[in-house]
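The values are calculated or read from the model by the stated rules, or taken from the named source; none is laboratory data. What you see is a predicted model; the values in this text were computed from it and never measured. No Cβ is skipped: glycine too gets one built from the backbone with ideal geometry, and neighbour counts run over all protein chains shown. Accessible surface is based on the protein model in full, side chains and every heavy atom, while ligands, DNA and RNA are left aside. Shrake-Rupley method; radii C 1.70, N 1.55, O 1.52, S 1.80 Å.
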Amino acid sequence: MLKRLMNDHKHIAVLLNVLKNKQMKLSEGESINFTLVRDIVEYMQGYAERYHHPTEDIIYAYYLTHKASDSVDKLSAEHERVGQASSALMATLNLILSDIVVAREKLIIDFADYVALQEQHMQMEERDIFPLFSKKLTEQDWQAIELECQKVFTDDPLFLEREQKEFESLRAYLTTSD
């Protein structure tokens with residue numbers, strides 16, 4: 001299960017690099033494909049925030065209940081902050097895609113803040129949280145966690161091996177821009 005979370009992080013990092021590239025182009029005065037950017041944020045909201053983060057939350061809650069000396073849930077608060085930043089960026093993108101004028105500087109700052117927050121969040125998990133899981137959780141723990149996680153598991157709608165329609169244009173962009 002930890003391997004799945006790390007794999008998700010690799011996929012998210014690919015998308016964050018695309019966003020960084022788009023943000024850089026925007027700050028240099030170039031035009032960008034806002035629909036592509038919206039698709040990335042939509043993926044982050046639809047998959048990462050609805051399935052990936054809840055899976056991490058289930059594992060962390062189990063860890064806090066069964067293995068930790070304190071019970072402060074720092075991870076859920078982090079996920080909440082990431083979700084708020086995602087919603088703010090999506091709102092700005094929807095304004096732009098509805099032909100409502102938004103200050104370029106605001107969009108550049110929203111982009112940079114969103115990407116930085118996402119990257120810091122993943123780094124914190126990989127540096128602090130995932131090693132705790134790996135070190136402290138036993139095979140029996142993982143079996144119990146997996147049963148609980150079945151409630152939130154879903155296939156990744158973008159990085160699946162099989163053909164599907166959802167995020168088709170984003171998938172095409174990622175395969176042609178490598």
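What is the angle, in °, between the Cα long axis of helix 74-97 and the longest principal axis of the Cα atoms in the chain? Nearest 10 is fine, range 0 to 90. It is inclined by approximately 20 degrees.
Sorting PHE153, PHE133 by accessible area puts them as PHE153, PHE133; the probe is 1.4 Å, largest comes first, and only protein heavy atoms count. Counting only protein heavy atoms and a probe of 1.4 Å, the accessible surface of the chain is 50% carbon and sulfur. Helix 104-124 and the long axis of the chain differ in direction by around 20°, with both axes built from C-alpha atoms.
Taking the C-alpha atoms only, the angle from helix 53-66 to the longest principal axis of the chain is near 30 degrees. Averaged per residue, the chain has 55 square angstrom of accessible surface, using a 1.4 angstrom probe with ligands and nucleic acids left out. Considering the values [x] 59; [y] 47; [z] 56, which represents percent of Cα pairs over 20 Å apart as calculated for the structure under consideration? Computing percent of Cα pairs over 20 Å apart and matching it to [x] 59; [y] 47; [z] 56 gives [z]. Using heavy atoms of the protein chains and a probe of 1.4 Å, the accessible area assigned to MET24 is about 100 Å².
Could you state the orientation-averaged shadow area of the convex hull built on the Cα atoms of the stretch 104-153, in nm² to one decimal? Can you show the working numbers first?
Values: hull surface 19.2 nm².
Result: 4.8 nm².
With Cα atoms defining each centre, the stretch 1-42 and the stretch 73-142 are spaced 12 Å apart in the structure. Once both labels are positioned 7 Å from their Cα atoms along Cα-to-Cβ, the gap between THR65 and THR176 label points is 4.8 nm. Applying the Karplus relation 6.51 cos²θ - 1.76 cosθ + 1.60 with θ = phi - 60° to the stretch 20-28 yields 3J(HN,Hα) values of 4, 4, 5, 5, 5, 4, 4, 5, 8 Hz, where x marks Gly and Pro.
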